[in-house]
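The values are calculated or read from the model by the stated rules, or taken from the named source; none is laboratory data. The shown structure was predicted, so the numbers you read here are calculated from the model rather than taken from an experiment. A quick note on method: Cβ atoms are made from the backbone with ideal geometry, for glycine too, and the neighbour counts reach across all protein chains shown. To get the accessible areas, we keep the full protein, side chains included, count just its heavy atoms, and leave off ligands, DNA and RNA. Shrake-Rupley method; radii C 1.70, N 1.55, O 1.52, S 1.80 Å.
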Amino acid sequence: MIKEEALLKSLQDALSPICETSLIFKKDIQLKDLLVLKNATSVINNFITYKLTLAFLERLKQLGFIDRTQFERMEVDLEHTSVNANGFDVLFNDGIPIVAEVKGNVPCKGNRFGANQRKKIIKDLYALKKGKTKSKICSEKYYKFMVLLDDSKNIKEALVALVKSKHMRELAGEVCLVEDASSISKEKINVILITI
């Protein structure tokens, strides 16, 4: 019963902020009910990626890196393309060529990424540098971006720790944090932090 109470409290805490009325849960939540919620998380993750991608495009426009016309074309592509359909979250060739991976990760260990988060981020960084088998692109032609959710100061600390880690040895010097349009480089993986 203690585990079930903890589950109900967690659900209440997670769902209350987005509900207009108070929640009353069934007394006997079944495994099949939880599986429905678990499946909904992939839809939620895709929506988070969509919103972060849209904010990323806005940032590129605000920085003056892309113009309004390219922004509008990229926005249309975003609306009509499934998340990750091309192997990357953003793959744009018409104008300034851009490839991007968008991550909604929040460091799970305070100011550090967890082992699984770290592994996925590093895999995506390598894919940006070298391309993916699912997406036959020549990454040298593109401006490469890693977009991360900036939930607090923890993300910068987690990113610095990741870049300095032994797991990133082969990518040392290949990653740069974008401060303004002049810091965007075609030769590097440009990291943009998005605050929502």
If ILE121 satisfies every condition in (1) farther than 18 Å from LEU52 by Cα; (2) in a helix (DSSP H, G or I) but one, which is the exception?
(1)
Among residues of the stretch 1-23 being open to solvent by 100 Å² or more (accessible area, probe 1.4 Å) and either acidic (Asp, Glu) or outside any helix (DSSP H, G or I) (or both), the residue nearest to ASP33 (Cα to Cα) is GLU5
Identify, please: which residue in the stretch 93-110 is β-branched (Val, Ile, Thr) and either more than 26 Å from GLU157 (Cβ to Cβ) or modelled with pLDDT under 90 (or both) and is, among those, surrounded by the most Cβ atoms within 10 Å (Cβ to Cβ)?
VAL99
Identify all residues within the stretch 158-196 that are in a helix (DSSP H, G or I) and open to solvent by less than 70 Å² (accessible area, probe 1.4 Å); write none if there are none.
ALA158, LEU159, ALA161, LEU162, VAL163, MET168, LEU171, ALA181, SER183
Can you tell me which residue within the stretch 139-157, out of those that are modelled with pLDDT of 85 or more and open to solvent by 40 Å² or more (accessible area, probe 1.4 Å), is nearest to LYS119 (Cα to Cα)?
TYR143
Could you please tell me which pairs satisfy a Cβ distance under 8 Å, a separation of 6+ or placement on different chains, a first residue in the stretch 81-98 that is among the aliphatic types (A, V, I, L, M), and a second residue that is at pLDDT below 70 and surrounded by fewer than 17 Cβ atoms within 10 Å (Cβ to Cβ)?
LEU91/SER135
Counting just the residues of the stretch 55-77 that are open to solvent by less than 90 Å² (accessible area, probe 1.4 Å), under 20 Å from the mean Cα position of the chain (by Cα) and free of Cβ contacts under 8 Å to residues at least 12 places away in the same chain, which one comes out nearest to ASN93 (Cα to Cα)?
VAL76
If I go through the stretch 36-54 residue by residue, how many of them are more than 20 Å from THR81 (Cα to Cα) and open to solvent by 90 Å² or more (accessible area, probe 1.4 Å)?
3
